[in-house]
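Working notes for the structure below.
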């Protein structure tokens, strides 16, 4: 573990596993006067999205190869810029450029700090992956034979994690609150490694009754196979149950809502923050999301989930 444990943490991160109820804990913390929410309610997705920070770390680090590292750097800049723009009907975005001062400049400087060379040359893998007509044009020499694109080469001379922590401190570190609150700034399936990019962090990881979670996935994401979902949920819990870290607290959504005064105090103790501080979070509103499976799942789906995921049910049958 890189961090010396200091309390309270600089960063508090709420994580879920796709409609697991992490928003309830986030709402509770953001509703307090001691938290700094730099993204004004938006999730911070840059660490875990495809070609995001985690992918960049892998391709530039232990799983380095020049072609894959170059490609991931190019893709990283594209996804970072897309996350920076405002969300519109036809161009999705997260608005980071509006909420984070000099966001695009910080992204460019971050990439520059990782790259040691941008040598222009043509590569075999570019030809291999090029669209069909581009390959034909090249064969016919319609495209200039001397044309070559810069190829990014990351250096092993810097510590990737430390550079990324510096980026996040520049993005989020200046405020007068007790801690910076970020929602979904990592992977709930890999909560230790995915949050290592934040100095002195603590993580609240929220899990949920598999029946209600499947309801949400069916309703909002068109999930259609209960048997595949059962394997999905088992694998998720296998990964979560293997976590052994003193900076991660696992919270059950249903208990956070129905035993709110007790469990929220436990969360505050874990974060070393004042239990008596008011939050505008409404646990009664969240309680409407408990037991929705009773109306939305058919009998066969319910029977299979209760048979194969019995140990994870809330109020076990």
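How big is the gap, in Å, between the Cα center of the range 241-317 and the Cα center of the range 163-201?
24
Once the Cα atoms of helix 260-271 and of the chain are each reduced to a long axis, what angle between those two axes, in degrees from 0 to 90 to the nearest 10, is obtained?
That works out to roughly 40 degrees.
Tell me, what is the percent relative contact order of the range 34-131, built from C-alpha pairs under 8 Å that lie six or more residues apart?
This gives 20 percent for the range 34-131.
When only C-alpha pairs under 8 Å and at least 6 residues apart count, what is the relative contact order of the chain, in percent?
Relative contact order for the chain comes out at 30 percent.
From the Cα gyration tensor of the range 136-278, with a ≥ b ≥ c the square roots of its eigenvalues, which class applies: rounded if a/c is under 1.5, or else prolate if a/b is larger than b/c, or else oblate?
Note, shape of the range 136-278 comes out oblate.
For the peptides 16-28, 77-89, what is the packing order when you average, over each peptide's residues, the other Cβ atoms within 10 Å and list the highest mean first?
16-28, 77-89
Relative to the first principal axis of the alpha-carbon coordinates of the chain, what is the inclination of helix 226-241, with its axis defined by its Cα atoms, in degrees from 0 to 90 and to the nearest 10?
90
How far is helix 160-172 tilted off the main Cα axis of the chain, in degrees rounded to 10, range 0 to 90?
In the chain, helix 160-172 runs at an angle near 70 degrees to the longest axis.
Report the gain in length on full extension from residue 148 to residue 231: 0.36 nm times residue separation, minus Cα-Cα distance, nm rounded to one decimal.
Stretched fully, the residue 148-residue 231 segment lengthens by 25.2 nm.
A short reminder: the numbers here are calculations on the coordinates, not readings from a lab. The shown structure was predicted, so the numbers you read here are calculated from the model rather than taken from an experiment. Neighbour counts are summed over all protein chains in view; Cβ atoms, including those assigned to glycine, are modelled from backbone coordinates with ideal geometry.
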